[in-house]
Amino acid sequence: MSAPIADSAGNANTARSSLEALRTEIAKAVVGQDPAVTGLVVALLCRGHVLLEGVPGVAKTLLVRALSAALELDTKRVQFTPDLMPSDVTGSLVYDARTTEFSFQPGPVFTNLLLADEINRTPPKTQSSLLEAMEEGQVTVDGTPRPLPVPFLVAATQNPVEYEGTYPLPEAQLDRFLLKLNVALPSRQDEIAVLTRHAEGFNPRDLQAAGVQPVAGPADLEAARVSVAKTSVSPEITSYVVDICRATRESPSLTLGVSPRGATALLSTARAWAWLTGRDYVIPDDVKALALPTLRHRVQLRPEAEMEGVTADSVISAILSNVPVPR
């Protein structure tokens, strides 16, 4: 009777080793973005989606492409513009003169990793076309629901410094993203490494030539998800997550705190992080490690606090320092 348990443990360990190898493989194309790589893997394990924020030119697109190559997943890219229509994302019914019938032509959302580039440059109507896909894993056209491939992840990017001609994502849609990852400018040493690679002939459009090979796949992700779901959470950890989220609702610097959905998200990401680090139970450090990327886009600063230089990260960090940690 112990053989299935052994097989399950073996599958989980193999999946963990494969996902750990992602960091090394993606580093062949992307330099110095380990936190973003880890965040994308956590999102895949939790069946969530990611908002990547960073100035142009920090390899956000390359990061998603390298991840899809290393995981052997299909990926598509949509450049969000003011004239983009919802059907340009989801697909539409097309009339076929030969059969005199309408047939469905799937849009780019029918993929494993969808890169929604500069999502805040398209109007709310088109932004909202992604909501059903992100929440339900399906697209409904002409009353017919059509399931999306599994796994499915939306990696949306936005520029934090240029707001002219943009449509900021409403809080309800921001809340649909599991994580908000800040893709920072590289350090001096990392930037030297980037330029050295380009001087040696690196072509970001040819990942195969860069040596990026599949090191994991959908089967590894599924085995990992099953194992993450078995990662135990004590009542003390559950209470700790709730206390952190409730503290955001009482913060004088915020007009909007974290919702119960946000608390659930923090618990999920902490479990995934615990599993990735080799444990089958969650500790307070797992919650702390994922608190900023999981919660920073779910709170809203008061205008006066923003004028004083307060940031969402600084508020959440202060809350983490003040909320009692379970022993």
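The values are calculated or read from the model by the stated rules, or taken from the named source; none is laboratory data. Nothing here was measured: the structure is a model prediction, and the numbers come from that model. Counting neighbours? That spans all protein chains shown, and the Cβs are built from the backbone with ideal geometry, glycine included. Please note that ligands, DNA and RNA were not included when accessible areas were found on the heavy atoms of the full protein model with its side chains. Shrake-Rupley method; radii C 1.70, N 1.55, O 1.52, S 1.80 Å.
Using Cα-Cα distances under 8 Å and only pairs 6 or more residues apart, what relative contact order does the stretch 255-327 have, in percent?
Here the relative contact order equals 35 percent.
Using a probe radius of 1.4 Å on heavy atoms only, what accessible surface per residue do you get for the stretch 136-252? Whole Å² is fine.
Heavy-atom SASA per residue in the stretch 136-252 reads 55 Å².
Which entry in (i) 70, 46, 29; (ii) 70, 58, 51; (iii) 92, 39, 34 is this structure's computed Cα extents along the principal axes in Å?
Here Cα extents along the principal axes in Å agrees with entry (ii).
222 nm [θ] for the chain, helices only, -39500 (n - 2.57) per DSSP H run of 4+, per residue, to 500?
Mean residue ellipticity, 222 nm, calculated: -14000 deg cm²/dmol.
Keeping the other protein chains in place, figure out the carbon and sulfur percent of the accessible area of the stretch 288-327, with a 1.4 Å probe.
Roughly 53 percent of what the probe reaches on the stretch 288-327 is carbon or sulfur.
With +1 on each Lys and Arg Cβ and -1 on each Asp and Glu Cβ, how big is the dipole of the chain about its Cα centre, in debye rounded to the nearest 20?
I would put it at about 460 debye.
So how many Å³ per residue does the convex hull of the Cα atoms of the stretch 142-267 work out to?
Taking only Cα atoms, the stretch 142-267 has a hull volume of 270 Å³ per residue.
Quick one: pull the percent of accessible area on the stretch 1-115 belonging to carbon and sulfur, 1.4 Å probe, ligands and nucleic acids left out. Please report the intermediate quantities before stating the final value.
Working: 2900 of 5250 Å².
About 55 percent, which is the carbon plus sulfur part of the accessible surface.
Just the accessible area per residue of the stretch 61-121, please: how many Å² with a 1.4 Å probe?
Spelled out: the 1.4 Å probe surface of the stretch 61-121, per residue, equals 46 Å².
Are there any trypsin sites (Lys or Arg not before Pro) in the stretch 208-252 that are in a DSSP loop and have at most 16 other Cβ atoms within 10 Å? List them by number.
Of the trypsin sites (Lys or Arg not before Pro), the ones in loops of the stretch 208-252 whose Cβ has at most 16 other Cβ atoms within 10 Å are Lys230.
Please give the solvent-accessible surface of Leu185 in Å², to the nearest 10, using a probe radius of 1.4 Å with every protein chain present.
Answer for Leu185: close to 130 Å² accessible.
Before anything else, pin down the relative contact order of the chain: Cα pairs under 8 Å, at least 6 apart, normalised by residue count, whole percent.
Rounded, it is 22 percent for the chain.
Let me check something: with ligands and nucleic acids excluded, how do Tyr240, Tyr167, Tyr95 order by accessible area (1.4 Å probe), largest to smallest?
Details: Tyr240 0, Tyr167 80, Tyr95 120 Å².
Result, largest first: Tyr95, Tyr167, Tyr240.
Excluding same-chain residues fewer than 8 positions from Lys60, which lysines have a Cα within less than 19 Å of its Cα?
Excluding near neighbours in sequence, the set is Lys28, Lys76, Lys180.
Under a Cβ-only charge scheme (Lys and Arg +1, Asp and Glu -1), can you give me the dipole magnitude of the stretch 271-327 about the Cα centre, in debye to the nearest 20?
The dipole of the stretch 271-327 has a size of about 240 debye.
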